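The values are calculated or read from the model by the stated rules, or taken from the named source; none is laboratory data. Only a predicted model underlies this, so the values are computations on that prediction, with no experimental measurement involved. Here Cβ is always computed from backbone atoms with ideal geometry, including for glycine, and neighbour counts include all displayed protein chains. Side chains included, ligands, DNA and RNA excluded: accessible areas come from the protein's heavy atoms. Shrake-Rupley method; radii C 1.70, N 1.55, O 1.52, S 1.80 Å.
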Amino acid sequence: MIPRYIIDFDLHSLPRTKTDVVVIGAGIAGLYTALRISEYADVMLISKKGLDDSNTRWAQGGIAAVTTKSDSPALHRQDTLIAGAGLCSYEAVEVLVHEGPERLKELIAYGTEFDKDAQGRYELTKEGAHSKRRILHAHGDATGAEIVRALSKRTLEQPNITVLENHFAIDVVTQDDECVGVVVMKPDGEIFFIESNATVLATGGAGQLYRYTTNPDIATADGIAIAYRAGARIKDVEFIQFHPTALYYPGAPRFLISEAVRGEGAILRNSNGERFMDKYHPQKELAPRDIVARAIVSEMEKTNSPYVYLDITHESEELIKHRFPTIYKFCLKYGLDMVTDWIPVAPACHYIMGGVQTDLNGETSTRRLFACGEVSCTGVHGANRLASNSLSEAVVFGHRIAERIKQLSPHQGARPFSAREEKRASRTVNTMEQRVKLQKLMLRHVGLKRQEKGLVKAMDEMERMGRYFYYHYREREAFEFLNLLTGAMLTTKASLLREESRGGHYRIDFPNKDDLIWRKHIIQSIHEGVREESDLSNVE
Ligand SMILES: Cc1cc2nc3c(=O)[nH]c(=O)nc-3n(C[C@H](O)[C@H](O)[C@H](O)COP(=O)(O)OP(=O)(O)OC[C@H]3O[C@@H](n4cnc5c(N)ncnc54)[C@H](O)[C@@H]3O)c2cc1C
C-alpha cells in the first residue's frame with residue numbers, strides 16, 4: 001500500500017543543487033548537528049517551518065547530565081535503565097551518560113544560558129524517576145526556547161550553513177541502498193533535488209498522531225515515514241509516552257505542565273480533592289510517567305471526570321513565579337492562578353520512544369542516512385524515556401553523527417532515474433478531515449490503554465483510509481497526512497504484536513510485563529516486513 005516515493009519525478013529533469021550534508025529539521029538535533037558538521041563541511045539545513053517552530057522550542061523542564069560530585073554517570077545510567085523497563089540498549093545509555101556532560105559544555109559554549117543561583121552555580125532540579133538533582137534549565141521553565149535561540153543565532157552566523165526555512169522534505173532518494181539526497185518542496189510548491197554525500201533526519205516526533213498532544217503541529221512523523229519508505233528499519237514505535245499533566249481547560253490548548261512542577265512538590269488530587277498517587281507507586285507523584293498517566297486515567301474513570309488536579313498551592317508564591325514563569329503566565333491567561341488554584345490536568349501524547357533504528361554513530365540501516373533526536377531510536381530510552389534525557393540524547397548522538405560523516409568517502413553521484421510507480425488513485429479526500437479522523441482513531445484504540453479488538457479495528461480503518469487516498473497531491477498537508485498514516489500503521493501493528501504491557505505500551509488484555517517472551521524489540525522494514533529481535537544486552 002505504501003509506495004517507495006509519494007510523488008512522481010524524473011531525477012534528470014528536476015532542478016537540483018548539491019551540498020556535502022543535508023540536515024532535515026531545525027530543533028536541537030538539527031541545529032546542533034549542522035553546527036558541528038559545519039566545522040568541516042558545507043551544510044544545507046531545511047525546516048518545514050521557521051527556525052523557532054519545533055518540539056524543542058517548547059521544552060520546559062530541562063536537560064539531564066551529570067555535573068556534580070554527588071552524582072555519577074552510573075546513577076544516571078541506573079535511572080535511565082529503570083525507566084526504560086528492560087529495553088534500553090546498555091551501550092547507548094553508557095554513551096549518553098558519559099558523553100552528556102561534555103556536550104552540555106558545548107551547548108553553553110554556543111551561547112545557551114542556563115539558570116544559575118546567587119553563588120553563580122548552575123541551578124539543578126529533579127524530575128520524575130531521577131535519583132539526583134541533575135536537570136539544568138533556562139529562564140525557569142523555558143529551556144527549549146533558550147537552546148533554540150542560542151543555536152539558531154550561531155547557525156545563521158555560520159557562512160557554510162545554508163538555512164532553507166519553510167521547505168518541506170518529501171522523500172530521500174536512494175540508489176544501491178545508499179541515500180544520495182532529498183526531494184524537497186519550496187514554499188511556492190516547486191520541487192527540487194538536493195544531492196548530498198550524507199543526509200541527517202532530525203525531523204522530531206509524532207505527537208500529531210493523537211487528538212490530544214503537547215507537541216506542536218510540525219510533529220507529523222515525517223522522518224519515520226520517509227525512512228520507512230527508503231527501506232530503513234523502524235524500531236520500538238509502539239512505545240509512546242503520554243505526559244501525565246497537560247492542562248485540561250475549555251478553550252485552552254493541551255499546554256504542558258512540566259514534571260518539574262511535581263519535582264518541586266506539587267501533588268495530584270482526583271476531582272474529589274483526594275491525593276491518590278500513594279495507592280499506585282512508592283515514588284508517588286514522581287513515579288515514571290506511564291504509571292502516573294495511567295493512575296490519572298484510572299482516577300478520572302473512577303470519579304467520572306475528564307481531569308484531575310495538580311496542586312502546588314502549598315509552595316510559596318515566590319518559588320512558583322521564579323521557577324515556572326511560563327506555566328504560571330499561561331495558566332493565568334485562562335484565569336487559573338497556580339499560587340491559589342488547583343490546576344485541572346489530563347494526560348496527552350508527548351513523546352515517541354521508538355523511531356528510525358540507528359547504530360551508536362546515528363547511522364540508520366540505509367547507508368549515508370542518519371537519524372538524530374526524537375525521530376531516531378538509538379536505544380537510549382527503551383520502553384520509556386527518563387524525563388529530560390531527550391535533549392541530551394540529541395546533542396550526544398548529534399556529535400557522533402558529525403564525527404562519523406567526517407569519515408565518509410564521497411559517493412558516486414546520483415544517477416538519473418524516474419520515480420513513477422503504480423499509485424492507487426481514488427476519490428479526492430479532505431486531508432485535514434482525514435487527519436482529525438486518524439487522530440481520534442489513535443486516541444481511542446492505540447492510546448494509553450490498548451487491546452486486541454480495538455487495535456484490529458484501528459488497523460482495518462487505517463488500511464481503508466490508505467486505499468482511498470489520492471496519491472497525486474502536491475500539497476504539504478497531504479504529504480503530512482500520508483506520513484501520519486504510515487506512522488499510525490507502524491505503531492498500531494507493533495502494538496498488536498506486543499502481547500504484554502511495558503513502559504509506554506499498555507495492553508488491557510495482557511496487563512503484565514512478560515520478560516520471558518517479550519524482552520524483544522519489534523523492527524519493521526518495508527523490505528523485510530516485521531521482525532522480533534531479542535535483547536538481553538541490558539540490565540536494570
Ligand atoms: C511541550 C514539550 C516539553 C518538553 N520538555 C522537555 C524537557 O524539558 N526535556 C527534554 O529532554 N525533552 C523535552 N521534551 C521533548 C523534547 O523537546 C523533544 O524530544 C526534542 O526537542 C526533539 O528535538 P528534535 O530536534 O529531535 O525535534 P524537533 O525539535 O521537534 O524539531 C523537528 C524539526 O524538523 C522539522 N521537520 C519535520 N518534518 C520535516 C519535513 N518533512 N521537512 C522539513 N523539516 C521538517 C521541523 O520543522 C522542526 O524544525 C518536550 C517536548 C514537548 C513537546
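Name the single residue that is farthest from V183 (Cα to Cα) among those in the range 454-511 being of a type in the set (G, A, S) and in a helix (DSSP H, G or I). So that I can check it myself, show each step before the final result.
Initially, the range 454-511 is screened for residues of a type in the set (G, A, S), giving 454, 458, 466, 478, 487-488, 494-495, 501, 503-504.
Then keep just the ones that are in a helix (DSSP H, G or I); that gives 454, 458, 466, 478, 487-488, 494-495.
Numbers: G454: 37, A458: 31, G466: 22, A478: 16, G487: 20, A488: 23, A494: 29, S495: 31 Å.
Checked the range 454-511; the qualifying residue farthest from V183 (Cα to Cα) is G454.
All of E393, E480, E452 fail the test of being modelled with pLDDT of 90 or more, surrounded by fewer than 17 Cβ atoms within 10 Å (Cβ to Cβ), touching a helix residue (DSSP H, G or I) at 6+ places or on another chain (Cβ under 8 Å) and not polar (S, T, N, Q), apart from E452. Scanning the range 191-204 turns up no residue that is part of a helix (DSSP H, G or I) and more than 23 Å from R400 (Cα to Cα).
Restricting to the range 240-274, and then to whatever is of a type in the set (S, T, Y) and within 19 Å of the chain's Cα centre (by Cα), can you tell me which residue is nearest to the ligand (Cβ to nearest atom)? Top of the filtered list is S258.
Among the residues of the range 101-108, is any in contact with a strand residue (DSSP E or B) (Cβ under 8 Å, 6 or more places away or on another chain), of a type outside the set (S, T, Y) and either loosely packed, with under 15 Cβ neighbours inside 10 Å or assigned to a helix (DSSP H, G or I) (or both)? Within the range 101-108, one or more residues are in contact with a strand residue (DSSP E or B) (Cβ under 8 Å, 6 or more places away or on another chain), of a type outside the set (S, T, Y) and either loosely packed, with under 15 Cβ neighbours inside 10 Å or assigned to a helix (DSSP H, G or I) (or both).
Per-residue answers, yes or no, for (1) open to solvent by 40 Å² or more (accessible area, probe 1.4 Å); (2) modelled with pLDDT under 95; (3) under 23 Å from N389 (Cα atoms); (4) assigned to a helix (DSSP H, G or I):
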position	(1), (2), (3), (4)
S298	no, yes, no, yes
P306	yes, yes, no, no
Y309	yes, no, no, no
T326	yes, yes, yes, yes
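Taken over the range 396-410, the residue count meeting the criterion of being assigned to a helix (DSSP H, G or I), more than 10 Å from the ligand (Cβ to nearest atom) and out of contact with any strand residue (DSSP E or B) (no Cβ under 8 Å at 6 or more places or on another chain) is 6.
Among the residues of the range 29-62, the ones that are open to solvent by less than 10 Å² (accessible area, probe 1.4 Å), within 6 Å of the ligand (Cβ to nearest atom) and of a type in the set (V, I, T) come to 1 in all. When the range 348-386 is filtered for residues that are part of a loop (DSSP other than H, G, I, E, B), surrounded by fewer than 24 Cβ atoms within 10 Å (Cβ to Cβ) and of a type outside the set (A, V, I, L, M), the ones remaining, listed by number, are D359, N361, S365, T366, R368. Could you tell me whether I296 is more than 13 Å from the chain's Cα centre (by Cα) and within 16 Å of the ligand (Cβ to nearest atom)? The answer is no for I296.
For A138, the conditions (1) part of a loop (DSSP other than H, G, I, E, B); (2) within 11 Å of the ligand (Cβ to nearest atom); (3) closer than 19 Å to G50 by Cα are fulfilled apart from (3).
Pairs meeting the criteria (first residue in the range 162-191 and of a type in the set (K, R), second residue open to solvent by less than 30 Å² (accessible area, probe 1.4 Å) and at pLDDT 95 or above, beta carbons under 8 Å, at least 6 apart or on different chains) are K186/H167; K186/F192.
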